[in-house]
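See structure below.
The values are calculated or read from the model by the stated rules, or taken from the named source; none is laboratory data. This one's a predicted model, so the numbers in the text were calculated from it and none came from an experiment. FYI the Cβ positions are ideal-geometry reconstructions off the backbone, even for glycines, and counts take in every protein chain you see.
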There are 2 protein chains.
Amino acid sequence: MTEDTRSVVVEREFAVPAERLWRALTQPHLMAEWLMKNDFQPVVGHTFNLRGDWGGVLDCEVLTIEPQKTLAYTWNFSHADAAFDLRSIVTFTLTPTASGTHLRVEQAGFPTTQKQAYGGAHAGWKQFLARLDELLARGD
Amino acid sequence: MTEDTRSVVVEREFAVPAERLWRALTQPHLMAEWLMKNDFQPVVGHTFNLRGDWGGVLDCEVLTIEPQKTLAYTWNFSHADAAFDLRSIVTFTLTPTASGTHLRVEQAGFPTTQKQAYGGAHAGWKQFLARLDELLARGD
């Protein structure tokens, strides 16, 4: 990261213990429900893809795993046009609260020139976390 | 297209005249509501991008425009891994019915080796058309 990048931060509290939230963040069939289809494994150095239904694909690598506390992976998108090429890192931080678990998601690495990607990511994470909340509310 | 590709076809009827459906298929601010953000223009040869909120981008070019009847554009995704690289064409065909307009969407060009992309696209178009129906039901 250079100083010419910025981060998207989205936070939300979930009414479940950290253990259940962690499971939804790290089990591929649950990740597919709220995020995207994937071949994730909770192993530092594991490379995987997140696949959108419309054909788009992200290239990812696990950077940090601290069960029930922190998960980080790269979130990269290769494109010939620099306006769309993205090298970013997503970090999930879980903190127990009185009634559940607080989740902070930070996506770092947006070039300041990519205003659209930055705005899109903020909207995107809000939607992803809303779907995660629905998944957890269903008891999965 | 070679014989080693196959197509996804999804059909749905909408309770609006072809004119309104056409508008939702070709006006960028309406396309953004049900499909993706974009810089589409209804001009043959115009190149544009469809942009997912999570950073993914499709490269597209308008191939056919017959107002209220047919719209076709390329739907390409570049990836170093052949399992994800996609060169496809999406064709929208509108047919008036007694109570509205029938829409047929065909996405052609999936290599037979890309089973995941093919299955994902089918699910994806079902979701896109459900969102399009919601948009039209709101009266936009």
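Filtering region B:124-140 for residues that are away from chain A (no Cβ under 14 Å), in contact with a helix residue (DSSP H, G or I) (Cβ under 9 Å, 6 or more places away or on another chain), surrounded by fewer than 18 Cβ atoms within 10 Å (Cβ to Cβ) and small (Gly, Ala, Ser) leaves an empty set. Within region B:76-130, track down each residue that is in a helix (DSSP H, G or I), modelled with pLDDT under 90 and of a type in the set (D, E, K, R). Residue satisfying the conditions is B:LYS115 alone. Looking only at region A:31-64, which residues are farther than 18 Å from A:SER88 by Cβ, of a type in the set (A, V, I, L, M) and under 13 Å from the mean Cα position of the chain (by Cα)? The one that is farther than 18 Å from A:SER88 by Cβ, of a type in the set (A, V, I, L, M) and under 13 Å from the mean Cα position of the chain (by Cα): A:ALA32. Within the set B:ASP53, B:ASP85, B:ASP81, the sole residue that is farther than 25 Å from B:THR112 by Cβ and charged (D, E, K, R) turns out to be B:ASP53. State yes or no: is B:ALA83 surrounded by 15 or more Cβ atoms within 10 Å (Cβ to Cβ), among the aliphatic types (A, V, I, L, M), in contact (Cβ under 8 Å) with a residue 12 or more places away in the chain and in contact with a Ser or Thr (Cβ under 6 Å, 6 or more places away or on another chain)? Here the answer is no, as B:ALA83 does not meet what is asked. All of B:VAL16, B:VAL10 fail the test of being part of a strand (DSSP E or B), in contact (Cβ under 8 Å) with a residue 60 or more places away in the chain and either buried (at least 16 other Cβ atoms within 10 Å of the Cβ) or over 16 Å from the mean Cα position of the chain (by Cα) (or both), apart from B:VAL10. Residues in region A:5-64 that are small (Gly, Ala, Ser) and within 11 Å of chain B (Cβ to nearest Cβ): A:ALA32, A:GLY52, A:GLY55, A:GLY56. The residue that is surrounded by the most Cβ atoms within 10 Å (Cβ to Cβ), counting only those in region A:61-75 that are among the charged types (D, E, K, R) and assigned to a strand (DSSP E or B), is A:GLU61.
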